[in-house]
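Asks: One structure, as structure tokens, below. Some questions next.
Every number here is computed from the coordinates shown, using simple stated rules; none is lab data. Being a predicted model, the structure only gives us computed values, none of them experimental. Here the Cβ positions follow ideal geometry from the backbone for every residue, glycine too, while neighbour counts run over all protein chains shown.
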Amino acid sequence: MTTEHDRPFDLREALATVEGALSAPVPGSGPAARDSDPATGEWAGTRGEGFLLLPLWEGPWLTGVYGADWNAAEERAEAHLAALTEELDQRWGAHRTVSLRVPLFLTRSGPRPPLPEPYRTLAELDYFGDLTVWGPLRPSGTGPRWLALSLQQPDGDAPMVLTALITTRPLEELPDPAET
């Protein structure tokens, strides 16, 4: 669970979180480290070499949810992503999409060289939703930053999680080793 569990989606709050994260310090080196709420232990984010990953919203558990109810939950989550994407498109221009099919393929196909960050952390969390990317952005007082939103569902019954990824490096689709 995340610190956003059981909280309704609030577009203004999500925008404020993204704006704050864009100006926040990003580690220049070091392994990925999980940030947890001290009272509950819930996931509050992950920071690592060149990135911050934050939850913006978490839906309900989907245990025992099927058919039309499942579709409604998925549509609600996608609507949250679409609303936030529309607002950020108005601020920073059109986004682009970065597929995570290559990291998914690499994690499922046996021993391979390690993925670079932040793809390694996304893969370890089973977060393989496509990235909706803006950048480079130039928040006041920082170097260039890239922002990505993504809708994740790490397990069949797990809640859907809307995340923000802030990086100091460009976010590009990784090359497919089968094509090289």
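Asks: Tell me whether the range 10-103 comes out rounded, prolate or oblate; compute the Cα gyration tensor, take square roots of the eigenvalues as a ≥ b ≥ c, and use a/c under 1.5 as the rounded threshold.
Replies: Cα axes put the range 10-103 in the oblate bin.
Asks: Any chance you could run the full-extension gain for Arg7 through Leu174? It's 0.36 nm times the residue separation minus the Cα-Cα distance, nm to one decimal.
Replies: In short, 56.7 nm is gained.
Asks: About its Cα centre, how strong a charge dipole does the range 11-179 have in debye, to the nearest 20, once Lys and Arg get +1 and Asp and Glu get -1 at the Cβ?
Replies: About 620 debye.
Asks: How far, in nm, would the chain grow between Arg138 and Ser99 when pulled straight, counting 0.36 nm per residue and subtracting the alpha carbon separation?
Replies: That pair, Arg138 and Ser99, stretches by 11.7 nm at full extension.
Asks: Report relative contact order for the range 47-180 in percent, whole number only (criteria: Cα-Cα under 8 Å, sequence separation at least 6).
Replies: 35 percent
Asks: Here is a follow-up. Going highest first, how would you order 9-15, 124-130 by mean Cβ packing within 10 Å?
Replies: So the peptides 9-15, 124-130, ranked by packing, come out 124-130, 9-15.
Asks: How large is ³J(HN,Hα), in whole Hz, for each residue of the range 88-95 in order, when computed from phi with the Karplus curve 6.51 cos²θ - 1.76 cosθ + 1.60 and θ = phi - 60°, using x for Gly and Pro?
Replies: 6, 4, 5, 7, 10, x, 4, 7
Asks: I've got another one for you. Per the helix-only calculation at 222 nm, which mean residue ellipticity applies to the chain, given -39500 (n - 2.57) for every DSSP H run of n ≥ 4 and division by its residues, nearest 500 deg cm²/dmol?
Replies: Details: 4 runs with 53 residues, N = 180.
After summing the helix terms and dividing by the residues of the chain, the value is -9500 deg cm²/dmol.
Asks: Classify the chain as rounded, prolate or oblate, taking a ≥ b ≥ c as the square roots of the eigenvalues of its Cα gyration tensor: rounded when a/c is under 1.5, otherwise prolate if a/b is larger than b/c and oblate if not.
Replies: rounded
Asks: Spelling out what I want: for every residue of the range 135-146, take phi, set θ = phi - 60°, compute 6.51 cos²θ - 1.76 cosθ + 1.60 (Karplus), and round to whole Hz; glycine and proline get x.
Replies: Rounded to whole hertz, the list is x, x, 9, 10, x, 4, x, 10, x, x, 10, 10.
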